[in-house]
Amino acid sequence: MKNFVAMDDDLKKYLMPAFERKAKSIVAIDVKKFTSYTDYIVIIEAGSHRQATAIAEYLIKSLKAQRINTIGVEGVREGEWALLDFGDTIIHVFESEKKSFYDIEGLWADAPRIDLSEFKGAGKPQKEDDES
């Protein structure tokens, strides 16, 4: 149903920590052709405020250990919607209700999704891909 593209090796370093924290769902969107301010948007769904905060903090810590620093960070402590800006990749970490309300995926409906099938449990983020 959706247009999927192969994952760039550079994007894996941003996704690995998210999959390690067992997010409810993860979607990565290639927006290079649609905007000049970033290449990828990653949307992570957490099951609770506490999990959203934990995932966001873990991403920041893990990527900093790889010498990848954020340009900007918003909303981590609140746990409803954290925004992590790494320049070429922007990561949104949402609590489920806020994810549905803001529908960031819908804003980028025309942009191709990144194939996350190589990550364990990647089927959840790709539930839109119903090929029957």
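Across segment 82-102, what is the number of residues that are outside any loop (DSSP other than H, G, I, E, B) and more than 12 Å from the chain's Cα centre (by Cα)?
We begin by selecting, within segment 82-102, every residue outside any loop (DSSP other than H, G, I, E, B); these are 82-85, 89-102.
Pick out the ones that are also more than 12 Å from the chain's Cα centre (by Cα) and you get 95-98, 100-102.
Qualifying residue count for the region: 7.
Within segment 24-57, take every residue that is within 10 Å of the chain's Cα centre (by Cα) and without any contact (Cβ under 8 Å) to a residue 60 or more places away in the chain and give me the one that is surrounded by the most Cβ atoms within 10 Å (Cβ to Cβ).
Kept after step one, since they are within 10 Å of the chain's Cα centre (by Cα), are these residues of segment 24-57: 25-29, 40-45.
Okay, now just the ones that are also without any contact (Cβ under 8 Å) to a residue 60 or more places away in the chain, so 42, 44-45.
On the way: Val42: 24, Ile44: 27, Glu45: 22.
Checking each candidate, the answer is Ile44.
Tell me, which residue of segment 23-39 that is closer than 19 Å to Phe94 by Cα and of a type in the set (A, V, I, L, M) is modelled with the lowest pLDDT?
Applying the filter and picking the extreme gives Ala23.
List the pairs whose first member sits in segment 1-20 and is assigned to a helix (DSSP H, G or I), whose second member is of a type in the set (Asp, Glu), and whose Cβ atoms are under 8 Å apart, counting only residues at least 6 apart or on separate chains?
Asp10/Asp88
Restricting attention to segment 54-71, does a residue exist that is modelled with pLDDT under 90 and in contact with a Lys or Arg (Cβ under 9 Å, 6 or more places away or on another chain)?
So in segment 54-71, the residues modelled with pLDDT under 90 come out as none.
No: segment 54-71 contains no residue that is modelled with pLDDT under 90 and in contact with a Lys or Arg (Cβ under 9 Å, 6 or more places away or on another chain).
Which residue pairs have Cβ atoms closer than 9 Å, lie 6 or more positions apart in sequence or on different chains, and pair a first residue in segment 94-107 that is under 19 Å from Arg50 (Cα atoms) with a second residue that is β-branched (Val, Ile, Thr) and surrounded by 15 or more Cβ atoms within 10 Å (Cβ to Cβ)?
Phe94/Ile43; Phe94/Ile44; Phe94/Ile104; Lys99/Ile43; Lys99/Ile44
Go through segment 45-77 and report how many residues are of a type in the set (D, E, K, R), in a helix (DSSP H, G or I) and in contact with a Pro (Cβ under 9 Å, 6 or more places away or on another chain).
Residues of segment 45-77 of a type in the set (D, E, K, R): 45, 50, 57, 61, 64, 67, 74, 77.
In the following step, the residues that additionally are in a helix (DSSP H, G or I) were identified as 50, 57, 61, 64.
Those still in the list that are in contact with a Pro (Cβ under 9 Å, 6 or more places away or on another chain) too: 61.
Of the residues in segment 45-77, 1 are of a type in the set (D, E, K, R), in a helix (DSSP H, G or I) and in contact with a Pro (Cβ under 9 Å, 6 or more places away or on another chain).
Filter segment 1-23 down to the residues that are closer than 20 Å to Gly72 by Cβ and surrounded by fewer than 18 Cβ atoms within 10 Å (Cβ to Cβ) and list them by number. Can you show your working first?
So in segment 1-23, the residues closer than 20 Å to Gly72 by Cβ come out as 10-11, 13-15, 17-18.
Listed by number, the residues that qualify are Asp10, Lys13.
Glu105 - would you say it is acidic (Asp, Glu), crowded, with 17+ Cβ neighbours inside 10 Å and either modelled with pLDDT of 90 or more or in a loop (DSSP other than H, G, I, E, B) (or both)? Full working, then the answer.
On the way: acidic (Asp, Glu): yes; crowded, with 17+ Cβ neighbours inside 10 Å: yes; either modelled with pLDDT of 90 or more or in a loop (DSSP other than H, G, I, E, B) (or both): yes.
Here the answer is yes, as Glu105 does meet what is asked.
The values are calculated or read from the model by the stated rules, or taken from the named source; none is laboratory data. Computed from a prediction, not measured in an experiment: that's the story for all the values here. In this analysis, Cβ positions are derived from the backbone assuming ideal geometry, glycine residues included, and neighbour counts consider all displayed protein chains.
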